[in-house]
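Just below is one structure, and these are the notes that go with it.
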Number of protein chains: 2
Amino acid sequence: MSDPASPPAPPRRRPDRSSVTICDVARLAGVSMITVSRAMNTPEQVSEAKLAKIRAVVDQLGYVPNRMAGGLKSARSRLVMALVPSLSSQVFTPTVQALTEALEQRGYHLMLGQSGYEDSREDHMLEAIIGRRPDGIVLTGVLHSQESRKRLIASGIPVVETWDYSPSPIDMLVGFSHDRVGEEVCTFLARQGRRHLALVTGSDARAMRRRDGFVRSAARLGLPPPRVAMIAAPATHANARVALAALLDAGPPLDAVFCSSDLVALGVLNELQSRGLSVPGAVAIVGFGDLAYAASMHPSLSTIRIDGARLGRLAAELIVQRAEGREVDEPVIDLGFELVERDSTGGG
Amino acid sequence: MSDPASPPAPPRRRPDRSSVTICDVARLAGVSMITVSRAMNTPEQVSEAKLAKIRAVVDQLGYVPNRMAGGLKSARSRLVMALVPSLSSQVFTPTVQALTEALEQRGYHLMLGQSGYEDSREDHMLEAIIGRRPDGIVLTGVLHSQESRKRLIASGIPVVETWDYSPSPIDMLVGFSHDRVGEEVCTFLARQGRRHLALVTGSDARAMRRRDGFVRSAARLGLPPPRVAMIAAPATHANARVALAALLDAGPPLDAVFCSSDLVALGVLNELQSRGLSVPGAVAIVGFGDLAYAASMHPSLSTIRIDGARLGRLAAELIVQRAEGREVDEPVIDLGFELVERDSTGGG
DNA sequence: TTGAAAGCGCTAACAG
DNA sequence: CTGTTAGCGCTTTCAA
């Protein structure tokens with residue numbers, strides 16, 4: 001019991017978890033560590049015989065290389081960080097999905113982060129990112145402070161900005177002009193004979209840009225200035241209803257609404273329905289995003305479609321090119337957008 | 001030009017990007033590396049004077065510790081991997097959000113992965129995960145093959161399974177019983193006087209468990225066997241409409257539908273509306289998930305609410321406890337659920 | 001095609 | 001409170 005020669009072993013956590021290393025494999029296969037390394041990374045440099053032997057041992061031991069160690073020496077983490085404002089906004093899902101797949105195919109992994117918080121957290125966030133030494137960062141129109149931008153540039157990590165357009169990005173860019181989206185929707189509604197236009201919109205920077213284009217276009221076309229209902233954050237279905245309700249209660253009737261997202265459009269539709277206003281008879285609605293349900297809603301929703309999957313693939317391409325030291329042929333890509341005409345604006 | 005003594009330097013990529021290391025900081029601050037390390041990780045162990053000096057140098061140089069290096073030595077990556085079936089299913093968003101925040105607070109970062117693919121990719125996925133040596137894995141009722149489960153157990157990484165209930169999990173669990181969800185919804189609808197029940201449901205394992213509970217309960221209550229419409233994957237709004245349409249066209253009328261998600265419920269609602277069937281008058285609808293729009297839909301949607309945020313916080317708690325070698329007091333947690341009664345079932 | 005040596009950037013384990 | 005020593009697991013030279 002109290003034998004001093006055999007003290008009870010203190011219950012240590014994970015004394016040697018997953019301790020199978022490249023060393024163990026090398027020993028069992030009767031080769032050197034570096035040969036094992038080559039067998040994993042560049043098998044064409046290893047003879048058939050040793051390759052077979054090594055692979056057998058790897059399977060037997062369940063060896064999985066430690067990428068932290070590899071990344072440390074090679075200075076390549078094979079990690080790409082993507083920052084989206086929020087996961088609840090379905091608009092970014094296809095982009096993230098495509099990004100994941102495209103990177104995976106090339107041997108990279110995606111880390112996903114949410115940036116839709118206060119500026120105070122941005123610093124923490126950036127530190128977390130840079131600390132992991134990703135081979136690239138995909139930004140979704142974020143980074144509020146100038147300070148953060150500088151820091152990111154200083155880190156030397158390749159950056160792709162997306163979902164927005166700027167002729168002079170930090171580094172690379174795949175996006176489209178929100179200004180032009182606003183203009184095009186306004187022109188379209190005017191052509192449909194709508195004159196009393198309104199916006200029901202969230203308050204993020206890109207939505208504001210769409211608003212500006214919309215309002216400017218209305219002025220140019222000689223329409224009455226569009227009325228704007230800002231949605232209290234977050235821009236949920238419920239808040240959209242509230243915002244539109246306030247607009248309807250406060251002023252003259254309107255005959256068309258441009259919404260900052262398809263979800264908002266759904267809220268607007270429900271509010272109109274509950275007031276007995278017909279869509280598209282009395283009021284036309286245009287959404288933004290072309291989410292899965294836009295086409296099958298009742299009535300189906302006219303909206304702006306962005307090819308988010310293509311965006312993701314292009315961004316992945318750019319990052320990988322830069323990470324592998326290749327020359328990037330076209331670092332700034334305008335993806336464009338498409339106005340999809342459906343029932344909510346009077347039939348397509 | 002052809003001076004052999006000065007060959008043109010090949011244009012190398014990132015020759016020394018972000019090369020400021022703990023070494024540089026130590027030198028400039030006139031202390032040893034380990035003191036800098038302590039200043040960053042356990043500042044209470046460093047004197048005020050040196051701390052101030054070090055912090056100044058860190059700011060000046062823009063030093064960000066390389067977590068790959070730290071993780072290598074300490075065998076703690078401070079990385080937690082979360083696997084969700086898909087990002088498009090909004091049900092998991094609050095969980096992911098809460099997980100992110102709770103982990104961040106404790107100095108961990110979340111890596112998000114999507115698992116909703118074919119089994120063939122599961123192996124790749126697991127390899128990618130284990131390769132990064134996360135301190136924990138949060139699983140969302142996934143991992144199709146028995147092989148994968150074994151491999152995960154063998155890796156020794158703490159695992160929390162979520163969004164499901166099993167008395168004998170791999171390691172730890174935070175979830176609820178889908179069987180009981182099905183039972184409760186069925187009982188509820190029966191109590192409302194509904195007798196001709198139907199299911200419109202996706203085909204994932206958990207939805208199937210809800211179906212089983214629902215069907216079993218109906219039998220027990222002496223109701224006619226519920227009719228089941230399976231939705232072609234993916235379970236979108238449009239596919240839900242198609243599935244319900246087929247059901248309505250093929251057989252006798254029904255007076256209540258239990259849907260496998262709120263999105264499906266929206267599709268079901270739209271299909272009923274377009275056929276002039278009133279909700280809840282002719283048909284009652286119950287969803288699953290209590291997404292943001294459920295409460296503000298028209299009519300508002302009765303549904304099953306899961307406290308996804310709480311689930312995320314609890315999972316984070318468990319992971320961190322295990323990662324830090326503390327004893328886990330309650331490794332299996334039944335979170336429960338709540339039936340939220342709204343207009344789509346005849347008023348709450 | 002293979003191997004030996006060296007070290008990526010950091011931190012545990014001891015001493016002082 | 002501070003420093004020294006020794007490596008984490010892997011890959012990049014370089015040489016055979």
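Inside the stretch A:31-54, residues that are in a helix (DSSP H, G or I) and touching a residue at least 12 places away in the same chain (Cβ under 8 Å) make up a count of 9. The sole residue among B:195, B:191 that is touching a residue at least 24 places away in the same chain (Cβ under 8 Å), within 30 Å of residue B:279 (Cβ to Cβ) and surrounded by fewer than 19 Cβ atoms within 10 Å (Cβ to Cβ) is B:195. Across the stretch A:296-332, what is the number of residues that are more than 16 Å from residue A:106 (Cα to Cα) and open to solvent by less than 20 Å² (accessible area, probe 1.4 Å)? Number satisfying all stated conditions: 10. Kindly check whether there is at least one residue in the stretch A:231-250 that is open to solvent by 20 Å² or more (accessible area, probe 1.4 Å) and hydroxyl-bearing (Ser, Thr, Tyr). Within the stretch A:231-250 (the criterion being open to solvent by 20 Å² or more (accessible area, probe 1.4 Å) and hydroxyl-bearing (Ser, Thr, Tyr)), the answer is yes, since at least one residue qualifies. Of the set (1) of a type in the set (Ser, Thr, Tyr); (2) surrounded by 22 or more Cβ atoms within 10 Å (Cβ to Cβ); (3) free of Cβ contacts under 8 Å to residues at least 60 places away in the same chain, all apply to residue B:108 but (3).
Against the definition (more than 11 Å from DNA strand C (Cβ to nearest atom) and away from chain B (no Cβ under 11 Å)), how does residue A:28 come out, yes or no? Taking the combined requirement at face value, the residue satisfies it.
Here is a list: B:55, B:38. Which entry is near DNA strand D (Cβ under 9 Å from one of its atoms) and open to solvent by 30 Å² or more (accessible area, probe 1.4 Å)?
On the way: B:55 fails: near DNA strand D (Cβ under 9 Å from one of its atoms).
Sole residue among the options that is near DNA strand D (Cβ under 9 Å from one of its atoms) and open to solvent by 30 Å² or more (accessible area, probe 1.4 Å): B:38.
Under the condition of being open to solvent by 40 Å² or more (accessible area, probe 1.4 Å) and within 13 Å of DNA strand D (Cβ to nearest atom), which residue from the stretch B:74-91 is nearest to the other protein chains (Cβ to nearest Cβ)? Result: B:75.
Test residue A:161 against the criterion of being without any contact (Cβ under 8 Å) to a residue 60 or more places away in the chain, touching a Ser or Thr at 6+ places or on another chain (Cβ under 7 Å) and either over 19 Å from residue B:102 (Cβ atoms) or not basic (Lys, Arg) (or both), and give yes or no. No: the conditions fail for residue A:161. If I ask for residues that are closer than 30 Å to residue B:254 by Cα and of a type in the set (A, V, I, L, M), which ones from the stretch B:143-197 would you list? Answer for the stretch B:143-197, where residues must be closer than 30 Å to residue B:254 by Cα and of a type in the set (A, V, I, L, M): B:181, B:185, B:189, B:190, B:197.
Mind counting the residues in the stretch B:235-254 that are in a helix (DSSP H, G or I) and within 14 Å of another protein chain (Cβ to nearest Cβ)?
Keep residues of the stretch B:235-254 that are in a helix (DSSP H, G or I), which gives B:237-250.
Imposing the further condition that a residue be within 14 Å of another protein chain (Cβ to nearest Cβ) reduces the set to B:237-245.
The qualifying residues number 9.
Are any of the residues in the stretch A:200-213 outside any helix (DSSP H, G or I), aliphatic (A, V, I, L, M) and more than 27 Å from residue A:161 (Cα to Cα)? No, there is no match, as no residue in the stretch A:200-213 is outside any helix (DSSP H, G or I), aliphatic (A, V, I, L, M) and more than 27 Å from residue A:161 (Cα to Cα).
Taken over the stretch B:216-230, the criterion of being open to solvent by 40 Å² or more (accessible area, probe 1.4 Å) and not in a helix (DSSP H, G or I) is satisfied by B:221, B:222, B:224, B:225, B:227, B:228, B:230.
Only a single item in (1) away from DNA strand D (no atom under 15 Å from the Cβ); (2) buried (at least 17 other Cβ atoms within 10 Å of the Cβ); (3) in a helix (DSSP H, G or I) is not met by residue B:71, and it is number (1). Would a scan of the stretch B:281-293 turn up a residue that is over 25 Å from the mean Cα position of the chain (by Cα) and within 14 Å of chain A (Cβ to nearest Cβ)? Checking the stretch B:281-293: not a single residue is over 25 Å from the mean Cα position of the chain (by Cα) and within 14 Å of chain A (Cβ to nearest Cβ).
The values are calculated or read from the model by the stated rules, or taken from the named source; none is laboratory data. All figures in this text were calculated on a predicted structure; none of them were measured in a lab. Neighbour counts are summed over all protein chains in view; Cβ atoms, including those assigned to glycine, are modelled from backbone coordinates with ideal geometry. What goes into the accessible areas is simple: the full protein's heavy atoms, side chains included, and nothing from ligands, DNA or RNA. Shrake-Rupley method; radii C 1.70, N 1.55, O 1.52, S 1.80 Å.
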